[in-house]
1. Helix-only mean residue ellipticity at 222 nm, the chain, DSSP H runs n ≥ 4 weighted -39,500 (n - 2.57), per residue, nearest 500. What is it?
2. Given R₀ = 25 Å, FRET efficiency for residue 94-residue 202 by Cβ-Cβ distance, to 0.05?
3. If each of residue 15 and residue 110 carries a label point 7 Å out from its Cα toward its Cβ, how far apart are those two points in nm?
4. Springs between alpha-carbon pairs under 10 angstrom, Gaussian network model over the chain: which of 155, 218, 133 fluctuates most?
5. At q = 0.11, 0.13 Å⁻¹, what is the base-10 log of I(q)/I(0) for region 84-205 according to the Debye formula with one equal point scatterer per Cα and no solvent? Please give it to two decimals.
6. Please build a GNM for the chain, connecting alpha carbons under 10 Å apart, and tell me which residue among 40, 21, 259 fluctuates the most.
7. Which length gain, in nm to one decimal place, applies between residue 2 and residue 229 when the Cα-Cα distance is subtracted from 0.36 nm times their residue separation?
8. Compute the distance in nm between two label points, each set 7 Å from the Cα along the Cα-to-Cβ direction, one at residue 63 and one at residue 251.
Ligand SMILES: [Zn+2]
Ligand SMILES: [Zn+2]
């Protein structure tokens with residue numbers, strides 16, 4: 001029988017900071033990030049909950065661990081079933097509850113999630129356990145919190161768009177920001193839980209200004225392990241502005257929720273709800 005818990009990869013991205021890649025759905029892997037301080041460790045996002053997070057992190061550090069979920073989507077939160085000290089923004093509470101309820105998880109298994117594992121031996125038993133497990137609601141944290149890990153501080157910021165309660169982290173000491181799904185090169189803001197395109201544009205303008213002010217030069221996101229730049233975020237902003245100014249740009253994006261369009265521009269892409277400009 002396939003051991004799904006072994007399908008991960010750990011990489012040091014810079015001093016005392018690691019990415020943990022968990023293989024997940026349609027080749028779109030979930031990347032979590034681990035920050036180790038002198039006294040504590042922090043995990044940003046906890047993936048599909050398939051890999052053995054305590055064991056993997058235990059091989060890197062034995063410091064007390066807290067976990068912050070960037071938002072309530074299932075590919076970022078399901079490791080809460082393994083961890084003791086987890087947090088999420090209260091705005092994303094309902095998104096979390098929906099994404100961890102059994103009927104919705106069954107739909108994920110039927111549709112795209114975990115496709116990479118589907119032909120593996122023992123998949124059905126594994127999926128049955130995955131959908132029926134208890135995923136406890138994390139404690140709440142807000143976007144103004146600063147976390148002192150000992151010798152390094154990690155700051156949170158609310159970046160509404162993809163979901164209303166999406167959080168980003170900055171690691172000012174090393175000039176890095178972690179945006180998860182909130183500001184990746186191809187961003188989804190057509191979801192029921194997303195903001196309007198205009199609110200997203202406003203958020204990006206402020207976010208870019210803050211990153212530049214704080215000397216952030218590198219960025220990391222949730223579905224690829226590459227190092228990104230602040231300039232790429234400016235390209236995303238241009239893409240969103242272009243979409244707003246040109247309602248016929250791009251093409252229709254079929255989805256079960258609403259009328260959406262996908263617009264590609266300047267190396268970025270945005271999927272937005274045409275009724276929420
Ligand atoms: Zn998401
Ligand atoms: Zn995601």
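Just so it is clear, none of the values below were taken in a lab; they were calculated from the coordinates. Treat the numbers as computed from the prediction; the structure is a model and nothing was measured. In this analysis, Cβ positions are derived from the backbone assuming ideal geometry, glycine residues included, and neighbour counts consider all displayed protein chains.
1. Numbers: 7 runs with 69 residues, N = 277.
After summing the helix terms and dividing by the residues of the chain, the value is -7500 deg cm²/dmol.
2. Numbers: r = 23 Å, r/R0 = 0.93.
E between residue 94 and residue 202, to the nearest 0.05, is 0.60.
3. 5.2
4. In the Gaussian network model the winner is 133.
5. Once normalised to I(0) and log-transformed, intensities are -0.51, -0.69.
6. Between 40, 21, 259, it is 259 that shows the largest mean-square fluctuation.
7. Details: separation 227, 0.36 × 227 = 81.72 nm, distance 3.77 nm.
Separation in residues times 0.36 nm, less the Cα-Cα distance, equals 78.0 nm.
8. Going by the 7 Å Cα→Cβ label model, 4.7 nm.
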